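Notes for the one structure printed next.
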Number of protein chains: 2
Amino acid sequence: MSTETSIPTRSATADPAPDRFDRTPRTTASRSRDRMSYDREAAHAVLDEAWHCDLAFVVDGEPRVLPTLHVRVGDTLYVHGSTGGRPLLAARGDGLRVCASVTLLDGIVYGRSQFHHSANYRSVVVHGVATLVTDDEEKLSVLRALVERTGRGRADDSRPPSRRELAETALLALPLVEVSVRARSGGVRDEPEDLALPHWAGVVPLRTVAGEPETDPDVTAPVPAYLG
Amino acid sequence: MSTETSIPTRSATADPAPDRFDRTPRTTASRSRDRMSYDREAAHAVLDEAWHCDLAFVVDGEPRVLPTLHVRVGDTLYVHGSTGGRPLLAARGDGLRVCASVTLLDGIVYGRSQFHHSANYRSVVVHGVATLVTDDEEKLSVLRALVERTGRGRADDSRPPSRRELAETALLALPLVEVSVRARSGGVRDEPEDLALPHWAGVVPLRTVAGEPETDPDVTAPVPAYLG
């Protein structure tokens, strides 16, 4: 069974989803607006590539951040938590106003001037109200999707959650409606008068790589192909 | 001139800094308390290794997150921004209440059960009031430290900021006082009754690696040794 087809999406409406998210005051940058975009595919790509996200919310008027794991299913961002976690408790009922942030760092930019040192990155910010997922079928599907992120086929190659485990796991659903992408790519942008300076300039690309799988002592199964 | 010695620290008090941060209600987890620590060196190590941080703050009662670059100098976390940025504007005067989050993802944990899939990570959260750095000497020193993070010696091998560039750059200073570290490391923690399941289990380590430097077209200088 493919995860692609087994997960119900919350956004099954008659209208196809738009290619671009509507810009709102919250998703309008006060600076470097040329780095902003509202492209749906670009946002999805960042959310699908990144392993973790930061979930910000407000407690007693003060900011809090919880780093957590996420998975996008259709036009919903799901974040993982425990039923005892603060934001999960707060998200019962009407939901919790959150700001989710996902960042991929693609490189370090070395300008001839210190001022033009920078980073190449792709970053998505999502504003909205996150609600607790209460439907067991939806929970099971999303947990499958979370596990599938770790390797295509892993969901079928692992034991599904028991009733107790399902009850101990909490998921928040955040609709991908108010979304912005901020990105920098490409090379150095130095001042023209700096081009003759004797300093090296350029970009050092960064990427996240997986090392050799470290097998648990009691395991007899070989390393699965989906980790290759 | 070594950056190590050139940067004034804000925390130059008569008492040596404690090895551990005091725990507060804000830095006490509601779950998995065994993953929490308040160790100063551990927190510094995470802040020094990570390239970027997420800065959360509250605007009109709503959460906002700004991904940005940071540098730790002594017991102060400095984050970088532009003078026009929302949080920087808000941090003038009495400062801005923030929650800064830095996460390093060290691996993906594959349990025999979906429930025990997890991640190895090291994460630091800092609560406090961030204030705008207004002293030009401090600004110059911190910008040097930011540039030095990209390669030891780079600050001397690049043009320092002009007066105009310095005015266009804003830095926030956040004291490292209310700080917590959350981490998971090690292998799989499956249920005893799952150990005989036929599924592979183990950890796939993740790390961020630098690729080959991509030299800007007009550069004649060789790739510097500090990028090797």
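The values are calculated or read from the model by the stated rules, or taken from the named source; none is laboratory data. As the structure is a computational prediction, the values presented were derived from the model and not from experiment. When we count neighbours, we look across all protein chains shown, and the Cβ atoms used for this are built from the backbone with ideal geometry, even at glycine. To get the accessible areas, we keep the full protein, side chains included, count just its heavy atoms, and leave off ligands, DNA and RNA. Shrake-Rupley method; radii C 1.70, N 1.55, O 1.52, S 1.80 Å.
Quote the total accessible area buried by chains B and A together, excluding ligands, DNA and RNA, probe 1.4 Å, nearest 100 Å². Using a 1.4 Å probe on protein heavy atoms, the buried area is about 7400 Å². Scattering from chain A was approximated by placing one identical point on each alpha carbon and applying the Debye formula without solvent; log10 I(q)/I(0) at 0.08, 0.12 1/Å stands at -0.38, -0.79.
How high is the FRET efficiency from B:V223 to B:A45, r the C-beta distance, R0 45 Å, rounded to 0.05? E(calc), rounded to 0.05, equals 0.95. Peptide B:88-99 is shielded by partner chain Cβ atoms: per residue, an average of 2 of them sit within 10 Å of its Cβ.
Within the accessible area of segment B:17-186, the carbon and sulfur atoms contribute 49%, probe 1.4 Å, all protein chains present. In this calculation the C-beta distance from B:L195 to A:R23 is compared with R0 = 45 Å, giving a FRET efficiency of 0.30.
For segment B:101-228, the relative contact order comes to 38 percent (Cα pairs under 8 Å, sequence separation of at least 6). Across peptide A:151-159, the mean count of Cβ atoms from other chains lying within 10 Å of each residue's own Cβ comes to 5.
Highest mean packing first, where packing is the average number of other Cβ atoms within 10 Å per residue, the peptides B:98-111, B:171-184 line up as B:98-111, B:171-184.
The Cα center of segment A:60-116 and the Cα center of segment B:27-48 differ in position by 19 Å.
Over segment B:143-217, accessible surface divided per residue gives 46 Å², non-protein components excluded, 1.4 Å probe. Legend: mean number of C-beta atoms from other chains within 10 angstrom of residue C-beta atoms, peptide B:63-75, equals 5. Equivalent-ellipsoid semi-axes for the protein assembly as shown (Cα gyration tensor, √(5λ), whole Å, largest first): 37, 24, 24.
A cut-off of 5 Å between modelled amide H atoms, ignoring neighbours fewer than 5 places along the same chain, links B:V73 with B:Y78.
For B:S162 and B:R35, what does the FRET efficiency come to when R0 = 35 Å and r is the distance between their Cβ atoms, rounded to the nearest 0.05? Taking R0 as 35 Å, the efficiency between B:S162 and B:R35 is 0.15.
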